[in-house]
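Enquirer: Quick one: structure below, then a few questions.
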Amino acid sequence: MSEQFYANAYQTRLATRVLRHDDAGLILEDTLCYPLGGGQPGDSAALTLADRSALRIADTRRDRETRAILHQTAGDARLAPGTEVTLELDWDRRYRHMRIHTCLHLLGVVVKAGVTGGNMTAESGRLDFALPEGMELDKENIEAELNRLVDADLPLAVRITSGEALKAQPELIRTMSVTPPLHLPEIRLIEIEGVDLQPCGGTHVARTGEVGRVRVKKIESKGARNKRVVVELVD
């Protein structure tokens, strides 16, 4: 299966074929749909057949054993292998995920502490930080710094490294609860020019300016030194 969301996160339409469709889900030859992972929700989409009938893809997951991408369809209809279909991504929802995900990378730049968890929706995202002794968080300052980085309109780029090379650069790994698959020969890094470089398998915008204005919704205590910062898109 070709995972086109990595080749071009902005592609919204794809002609493809059915490989398998059963109770576990729909597997396509190629897909645009990002599967749930790394705190980013799975994509939703519409699937159109040659007779113009359509199926709704409500969610996308990855099979833990086979790593196949499973599109979760609504209803009982099953498509035969080889059926030609057109996949149309729910772009508005995906693009908000891309904006929020990029914003969370910027949040990790502003708050210089280890990340213990994170999640996002199409409206907001959050990171949990293990703060060093004596470090305090200022909501207004974080928001101002986030919007400064957005206004800088910095380009993002994908770099590829290996698990062995990443072991030699542990400072690039911000997440304390989840470790990248260091056994793999290729690991994807996301670079925000001049400010950030870290392993990540999600989808992101091309420039920080696309994130738009953001607001720090709240900062919560999740333990003695563990703080949760929740951010949201203004529009």
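The values are calculated or read from the model by the stated rules, or taken from the named source; none is laboratory data. The shown structure was predicted, so the numbers you read here are calculated from the model rather than taken from an experiment. Positions of Cβ are generated from backbone atoms using ideal geometry, with glycine treated the same way; all protein chains shown enter the neighbour counts. The area values use the complete protein model at the heavy-atom level, side chains included, leaving out ligands, DNA and RNA. Shrake-Rupley method; radii C 1.70, N 1.55, O 1.52, S 1.80 Å.
Enquirer: Condition first: out of contact with any strand residue (DSSP E or B) (no Cβ under 7 Å at 6 or more places or on another chain) and without any contact (Cβ under 8 Å) to a residue 24 or more places away in the chain. Can you find one or more residues in the range 14-34 that meet it?
Expert: Yes, that holds for at least one residue.
Enquirer: If you check Gly114 against the conditions, is it buried (at least 22 other Cβ atoms within 10 Å of the Cβ) and modelled with pLDDT under 95?
Expert: no
Enquirer: Moving on to the next point. Given the structure, is Thr60 touching a strand residue (DSSP E or B) at 6+ places or on another chain (Cβ under 8 Å), of a type outside the set (D, E, K, R), at pLDDT 95 or above and closer than 11 Å to Asp43 by Cα?
Expert: yes
Enquirer: Output yes when any residue across the range 78-87 is open to solvent by less than 50 Å² (accessible area, probe 1.4 Å), more than 30 Å from Leu197 (Cβ to Cβ) and touching a Cys at 6+ places or on another chain (Cβ under 8 Å), and no when none is.
Expert: Scanning the range 78-87, I find at least one residue that is open to solvent by less than 50 Å² (accessible area, probe 1.4 Å), more than 30 Å from Leu197 (Cβ to Cβ) and touching a Cys at 6+ places or on another chain (Cβ under 8 Å), so the answer is yes.
Enquirer: Shifting gears a bit: Tell me which residues, restricted to the range 221-232, are closer than 12 Å to Cys103 by Cα and in contact with an Asp or Glu (Cβ under 7 Å, 6 or more places away or on another chain).
Expert: Glu232
Enquirer: Return the residue satisfying two criteria in turn: it lies in the range 188-222 and is open to solvent by less than 10 Å² (accessible area, probe 1.4 Å) and aliphatic (A, V, I, L, M), and of such residues it is farthest from Ile160 (Cα to Cα).
Expert: Val216
Enquirer: Let me ask something additional. Give all pairs with beta carbons closer than 8 Å in which a residue from the range 84-96 that is of a type outside the set (A, V, I, L, M) meets a residue that is open to solvent by 60 Å² or more (accessible area, probe 1.4 Å); count only pairs at least 6 apart in sequence or on separate chains.
Expert: Glu84/Ala15; Glu84/Arg17; Glu84/Ala50; Thr86/Arg13; Thr86/Ala15; Glu88/Arg13; Arg96/Glu123
Enquirer: Still on this structure, please answer the following. Considering only the range 223-235, how many residues are of a type in the set (A, V, I, L, M, F, W, C) and open to solvent by 30 Å² or more (accessible area, probe 1.4 Å)?
Expert: Total meeting the criteria: 2.
Enquirer: Now a separate question. Among what's in the range 123-142 and is in a helix (DSSP H, G or I) and touching a helix residue (DSSP H, G or I) at 6+ places or on another chain (Cβ under 9 Å), pick the residue that is nearest to Gln198 (Cα to Cα).
Expert: This residue is Ile142.
Enquirer: Check whether at least one residue in the range 56-65 is farther than 23 Å from Arg96 by Cβ, touching a Lys or Arg at 6+ places or on another chain (Cβ under 8 Å) and open to solvent by 50 Å² or more (accessible area, probe 1.4 Å), and report yes or no.
Expert: no
Enquirer: Another one. Could you pull out the residue among Ile27, Ile69 that is modelled with pLDDT of 95 or more, buried (at least 18 other Cβ atoms within 10 Å of the Cβ) and farther than 22 Å from Met98 by Cβ?
Expert: Answer to the selection: Ile27.
Enquirer: Now a separate question. Among the listed residues Thr175, Thr203, Thr179, Thr161, identify the single one that is modelled with pLDDT of 95 or more, among the hydroxyl-bearing types (Ser, Thr, Tyr) and at negative phi.
Expert: Thr203
Enquirer: Going through the range 61-83 one residue at a time, which ones are at negative phi, assigned to a loop (DSSP other than H, G, I, E, B), touching a residue at least 24 places away in the same chain (Cβ under 8 Å) and not acidic (Asp, Glu)?
Expert: Answer for the range 61-83, where residues must be at negative phi, assigned to a loop (DSSP other than H, G, I, E, B), touching a residue at least 24 places away in the same chain (Cβ under 8 Å) and not acidic (Asp, Glu): Ala68, Arg78, Leu79, Ala80, Pro81, Thr83.
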